[in-house]
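Below is one structure, written out as structure tokens, with a few remarks after it.
What follows is calculated from the coordinates using simple rules that are stated; it is not laboratory data. As the structure is a prediction and not an experimental result, all values here were calculated from the model. Cβ sites come from the backbone with ideal geometry, for glycine too, and all protein chains shown count toward neighbours.
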Amino acid sequence: MDTTPLIQIKQVSKQYKGATFLSLDAVDLQINRGEVYGLLGPNGAGKTTLISILCGLIKPTSGEVLISGKSFKTDDKEIRKTIGVVPQEYALYPKLTAKENLLYFGSMFGMKKSELKPIVSTHLDQLGLLPFADKKIKTFSGGMKRRVNLIAGILHNPELLFLDEPTVGVDVQSKQAITTKLQELNKAGTTIIYTSHHLREAQDLCSLVGIIDSGKIIAENTPAKLISETEDARNLEDVFIELTGRELRDYA
Ligand SMILES: Nc1ncnc2c1ncn2[C@@H]1O[C@H](COP(=O)(O)OP(=O)(O)OP(=O)(O)O)[C@@H](O)[C@H]1O
């Protein structure tokens, strides 16, 4: 069995061009296979920045990221085959149907149409979307688009899946369909790293939680340990407020 940590983040910092501050400040993190890791933090904490670096979308200013011991600097293509990315913004074409979108995204992973068709149908079915497979995305609700967005990231059965707020702005039914699907993927062996502002959801879903604030990881543990080790905390929201404070985090 491969005992190399799936993700190693060593002293990763990020200062965007023109910025006067660090969006990530010397982050060290190690994530093992099989985890559902929730990256939680207030607005502007650095969650999207960290996840974007981990999936190779942007480069850190300094520090090192290793995925299965490999670096994007030398093994970019190889790493990309093993990861799936579900971004915060929809990556879907509104004028194409759900099925057409998914066949297109699957082809980007080098998958053949004949191979893709049954995979697309299975995922659409499991997420309650099979009756809408041939309808254009522009007619879909937010929750339906989020579910198609998720499928687009998992067609190639990635070993490691990154999701940036996969349940933002969806109704309870869609939220449940998405979290159930994530649990099934994890059971089947996919390691999941995701960001969310839904702390109740993260408490139920995550095996490990990292709380990030001002570009630094300020706490990391299982949800149960974080709750039991924080005085008077009844849930993850209490822990979050205790660690990050009540002050509003508006930024522009
Ligand atoms: N492209 C960019 N250029 C300059 N600054 C940026 C850029 N993207 C993000 N930032 C800044 O970096 C900091 C971290 O932003 P990031 O989007 O990673 O936070 P977040 O935790 O994902 O926030 P949210 O919960 O609001 O999505 C913020 O101060 C943000 O303004």
(request) Determine the pairs where a residue that is closer than 10 Å to Thr222 by Cα and assigned to a helix (DSSP H, G or I), located within the stretch 195-211, has a partner that is within 16 Å of the ligand (Cβ to nearest atom) and of a type in the set (Asp, Glu) with Cβ atoms under 8 Å apart, the partner being 6 or more residues away or on another chain. (result) none
(request) Go through the stretch 76-95 residue by residue and tally those that are in contact (Cβ under 8 Å) with a residue 24 or more places away in the chain, touching a helix residue (DSSP H, G or I) at 6+ places or on another chain (Cβ under 7 Å) and either basic (Lys, Arg) or under 17 Å from Ile192 (Cβ atoms) (or both). (result) 5
(request) Could you tell me which numbered condition Ser141 fails, if it satisfies all but one of (1) small (Gly, Ala, Ser); (2) surrounded by 19 or more Cβ atoms within 10 Å (Cβ to Cβ); (3) closer than 17 Å to Gln173 by Cα? (result) (2)
(request) Name the one entry in Leu40, Leu54, Leu22 that is near the ligand (Cβ under 10 Å from one of its atoms) and crowded, with 23+ Cβ neighbours inside 10 Å. (result) Leu40
(request) Specify the residue that is farthest from the ligand (Cβ to nearest atom); the eligible residues are those in the stretch 205-243 that are more than 24 Å from Leu185 (Cα to Cα) and of a type in the set (Ser, Thr, Tyr). (result) Ser228
(message) Can you confirm whether Leu182 is within 25 Å of Ala19 (Cβ to Cβ), more than 13 Å from the ligand (Cβ to nearest atom) and not in a loop (DSSP other than H, G, I, E, B)?
(response) no
(message) Can you tell me which of (1) of a type outside the set (Ser, Thr, Tyr); (2) exposed (fewer than 15 other Cβ atoms within 10 Å of the Cβ); (3) free of Cβ contacts under 8 Å to residues at least 24 places away in the same chain; (4) over 27 Å from Gly56 (Cβ atoms) is the one Lys113 doesn't meet?
(response) (4)
(request) Please specify each residue of the stretch 67-91 satisfying the condition of being more than 16 Å from the ligand (Cβ to nearest atom) and buried (at least 19 other Cβ atoms within 10 Å of the Cβ). (result) Ile67, Phe72, Ile79, Ile83, Gly84
(message) If I filter the stretch 147-179 down to residues being assigned to a helix (DSSP H, G or I) and of a type in the set (S, T, N, Q), which single residue comes out as surrounded by the fewest Cβ atoms within 10 Å (Cβ to Cβ)?
(response) Gln173
